[in-house]
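Undergrad: Sharing a structure here in structure tokens format.
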Amino acid sequence: MRIYQARDYTAMSRRAANIISAQVIYKPDCVLGLATGGTPVGTYRQLVERFQKGDLSFAETRSVNLDEYLGLSPHHEQSYRYFMQTNLFDHIDIKPENTHVLNGLARNPQAECEAYNQLIRSLGGIDLQLLGMGHNGHIAFNEPGDDFGLETHLVDLTESTIQANSRFFEKIDEVPRHALSMGIKSIMQARRILMIVSGEEKADIVCKAFRGPVTRDVPASVLQLHPDVTLVGDEAALHKLVEAGELVCG
Ligand code: PGA
């Protein structure tokens, strides 16, 4: 595993965008696995800037997203499709038909998940998967205790995730109670993984995930078993890992 420590959120975003840019330059038709949440917003902003300057093109690039709420239309402001459009896709030259996000309105969620697994295979697998990490070590909607052997599947959101997400909705009843999510097995099949973490509130869980035992209690700990992981974090998120003796690059 390679670990890069950046000074702050902006520097972390720039470093992550460098790695994604390199992937797109070396393999223009690569398959990017993309993530939502607060952490990747700056990385996407950097990629948009590079595209606008003419340094980067996504004209041949394909993308698959990690997850989507069940029951939200792609136009709902809290849907992950909407997040991707507004933070990245609407501002770059990626072809709409080459962007893939699970359909939150699927009538048959099980069939939607199976079709998504097939889609990833038909694209030739994911070249680079971008990931954030939740405060409890979750990756995508894979929560503590979940099976490591699953590909894309239907998830019942935990009460704590529903509570945490309620800040984005007017009323707690509006928060979806289910989601579709790539599983740990799907994520582990990506050729390369890029995890980004920011902020002091992630320092303990980052340390547990990368220095502690590989356990279903901390889903991100499974990444210790992946052969090509790059962790990029700011000083606030990485300082406990550094104090524990992990070697990091500046
Ligand atoms: P965040 O979420 O980027 O908003 O901290 C990360 C995650 O829950 O995967």
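Derivation of every value follows stated rules applied to the coordinates shown; laboratory data play no part. Keep in mind that what you see is a predicted model, and the values were worked out from it rather than measured. FYI the Cβ positions are ideal-geometry reconstructions off the backbone, even for glycines, and counts take in every protein chain you see.
Undergrad: If you stretched the chain out fully between R107 and R7, how much longer would it get, using 0.36 nm times the residue separation minus the C-alpha to C-alpha distance? Spell out each step's value before the answer.
TA: Numbers: separation 100, 0.36 × 100 = 36.00 nm, distance 4.55 nm.
Here the answer is 31.5 nm.
Undergrad: Taking the beta-carbon count within 10 Å as an exposure proxy, list T152, T39 from fewest neighbours to most. Don't jump to the answer; show the numbers that get you there.
TA: On the way: T152 27, T39 24.
Listed from fewest to most nearby Cβ atoms, that is T39, T152.
Undergrad: Further, regarding this structure: Among K95, K185, K53, what is the fewest-to-most ranking by other Cβ atoms within 10 Å?
TA: K53, K95, K185
Undergrad: What GluC sites (Glu not before Pro) in the stretch 1-99 are in a loop by DSSP, with at most 12 other Cβ atoms within 10 Å of the Cβ?
TA: On the way: sites: E49, E60, E68, E77, E97; in loops: E60, E77.
Within the stretch 1-99, the qualifying GluC sites (Glu not before Pro) (loop, at most 12 other Cβ atoms within 10 Å) are E77.
Undergrad: Among L225, L72, L130, which one shows the biggest mean-square fluctuation in a GNM of the chain, springs joining Cα atoms closer than 10 Å?
TA: Comparing L225, L72, L130 in the GNM, the peak value goes to L225.
Undergrad: Which value, in debye to the nearest 20, describes the size of the charge dipole of the stretch 1-123 about its Cα centre when Lys and Arg Cβ atoms bear +1, Asp and Glu Cβ atoms bear -1, and nothing else is charged?
TA: 440
Undergrad: Mean separation of Cα pairs under 8 Å and 6+ residues apart, divided by the residue count of the chain: what relative contact order is that in percent?
TA: Relative contact order here is 26 percent.
Undergrad: In Å, the Kirkwood hydrodynamic radius of the chain over pairs of distinct alpha carbons?
TA: Hydrodynamic radius (Kirkwood, Cα only) of the chain equals 18.2 Å.
Undergrad: Translational diffusion coefficient, Stokes-Einstein: compute it for the stretch 111-250 using the Kirkwood radius over C-alpha pairs as Rh, at 37 °C and 0.692 mPa s, and state it as an integer in µm² s⁻¹.
TA: 205
Undergrad: Shifting gears a bit: Can you list the HN-Hα couplings for the stretch 116-131, worked out from phi with the Karplus curve (6.51, -1.76, 1.60; θ = phi - 60°), rounded to whole Hz and with x for Gly and Pro?
TA: 5, 4, 5, 4, 4, 5, 5, 7, x, x, 8, 7, 9, 9, 8, 9
Undergrad: Here's something else I'd like to know. Based on DSSP H runs of at least 4 residues, each adding -39500 (n - 2.57), what is the mean residue ellipticity at 222 nm of the chain after dividing by all its residues, to the nearest 500 deg cm²/dmol?
TA: One gets -10000 deg cm²/dmol as the mean residue ellipticity at 222 nm.
Undergrad: Moving on to the next point. By count of other Cβ within 10 Å, fewest leading, how are Y26, Y69, Y82 ordered?
TA: Taking fewest neighbouring Cβ atoms as first place, the list is Y26, Y82, Y69.
Undergrad: Could you state the principal axis extents of the C-alpha atoms in the stretch 43-96, from the largest down, to the nearest angstrom?
TA: For the stretch 43-96, the Cα extents along the three principal axes come out at 38, 19, 16 Å.
Undergrad: Among 29-35, 15-21, what's the highest-first ranking by average C-beta atoms within 10 angstrom per residue? Don't skip to the end; give the middle numbers.
TA: Values: 29-35: 22.4, 15-21: 20.4.
Most protected by this proxy first, the peptides run 29-35, 15-21.
Undergrad: Listed highest first by mean packing, meaning other Cβ atoms within 10 Å per residue, what order do 87-94, 164-171, 193-200 come in?
TA: Ranking, from highest mean packing down: 193-200, 87-94, 164-171.
Undergrad: Moving on to the next point. Ordered by residue, what ³J(HN,Hα) values in Hz, to whole numbers, does the stretch 15-22 give under the Karplus form 6.51 cos²θ - 1.76 cosθ + 1.60, where θ = phi - 60° and Gly and Pro are x?
TA: 5, 5, 5, 4, 5, 5, 4, 4
Undergrad: Can I ask one more? About the Cα centre of the chain, how large is the charge dipole given +1 on each Lys and Arg Cβ and -1 on each Asp and Glu Cβ? Please answer in debye to the nearest 20.
TA: 620
Undergrad: Of the residues R62, R107, R216, which exhibits the maximal mean-square fluctuation in a Gaussian network model of the chain defined by a 10 Å Cα contact cut-off?
TA: Fluctuation is largest for R107.
Undergrad: Moving on. Stokes-Einstein D for the stretch 1-89 at 25 °C, 0.890 mPa s, Kirkwood Rh over Cα pairs, in µm²/s?
TA: 175
Undergrad: What list of ³J(HN,Hα) couplings, whole Hz, do you get for the stretch 34-45 from phi and the Karplus terms 6.51, -1.76, 1.60, once you set θ to phi - 60° and write x for glycine and proline?
TA: Going residue by residue, I get 10, 10, 10, x, x, 4, x, 4, x, 5, 5, 4 Hz, with x marking Gly and Pro.
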